[in-house]
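The values are calculated or read from the model by the stated rules, or taken from the named source; none is laboratory data. Please read these numbers as outputs of a predicted model, since none were measured by experiment. Here Cβ is always computed from backbone atoms with ideal geometry, including for glycine, and neighbour counts include all displayed protein chains.
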Amino acid sequence: MPPGQNMDDPLTTLRSGMWRLNYRLSPEGRRRLFTEFLPLLHDTKHAILKERDDESWYLVYVGTKPSGRGKGYCRKLIEHVTRQADKEGRACYLESSNEMNPPIYRKFGFEDRRTVYLHRAEKNIPLDIMVREPVSGEKKTMTVKEKSGVRN
C-alpha cells in the first residue's frame with residue numbers, strides 16, 4: 001500500500017475484497033478479525049513508525065500461489081516498492097507470520113523491529129514486524145557489493 005493509504009480506509013476494504021470476510025467468517029471469526037487482529041496490526045504499525053506511519057509504504061499480504069512460487073514474482077514486487085520508497089526517502093513496513101520469510105526480507109534490507117504474538121487455540125503464533133529504512137544511492141552500491149562479495 002502506498003503512503004497515505006491504510007487498511008482502515010473503507011475504499012481500501014472495498015477494493016481489496018476484505019469486506020467479503022464479513023459474510024464468510026463465523027461470528028467468532030469476524031470478532032477476532034475486526035476487533036482483535038486488524039486493530040493489533042494498526043496499533044503495532046503506528047507504535048513502530050510513529051509520525052512516519054502515514055508516510056511509509058506498507059507491504060501487506062505478500063505471497064504467491066504454489067504454482068507461482070520460485071518465479072521471482074514476489075522479489076520483483078518487493079524490489080519495485082523498495083526502489084520507489086528509496087526515491088521518495090520513505091520507510092517500508094511489513095509483518096510476517098511465516099518463520100521462513102524474515103531471512104528473505106533481510107536480504108532486501110528489512111530489519112526486525114518487534115515480534116507480537118497472536119493467541120490461537122493452544123499456541124501463540126509469532127508475527128515478525130520488520131522495517132526497511134530508505135537507502136541512498138551510495139549505500140545501495142555498497143550493499144550490492146557486499147552481497148556479491150566484491151571488495152575494494
### Task
Taking Gly89 as the residue in question, decide whether it is surrounded by fewer than 12 Cβ atoms within 10 Å (Cβ to Cβ) and in contact with a Ser or Thr (Cβ under 9 Å, 6 or more places away or on another chain).
yes
### Task
Please determine, by comparing only the residues of region 46-55 that are surrounded by 14 or more Cβ atoms within 10 Å (Cβ to Cβ) and either free of Cβ contacts under 8 Å to residues at least 60 places away in the same chain or β-branched (Val, Ile, Thr) (or both), which one is farthest from Thr12 (Cα to Cα).
Ile48
### Task
Please indicate, with yes or no, whether at least one residue in region 30-44 is exposed (fewer than 11 other Cβ atoms within 10 Å of the Cβ), assigned to a helix (DSSP H, G or I) and either among the basic types (Lys, Arg) or at positive phi (or both).
no
### Summary
Taking region 45-86 and the residues there that are of a type in the set (A, V, I, L, M) and assigned to a helix (DSSP H, G or I), the one that is farthest from Met130 (Cα to Cα) would be Leu77
### Query
Hey, among Arg90, Arg132, Arg120, which residue is closer than 18 Å to Trp57 by Cα and either at pLDDT below 95 or out of contact with any Cys (no Cβ under 8 Å at 6 or more places or on another chain) (or both)?
Arg90
### Message
I'd like the full set of residues that are among the charged types (D, E, K, R) and loosely packed, with under 12 Cβ neighbours inside 10 Å, limited to region 65-82.
### Response
Lys65, Arg69, Lys71, Lys76
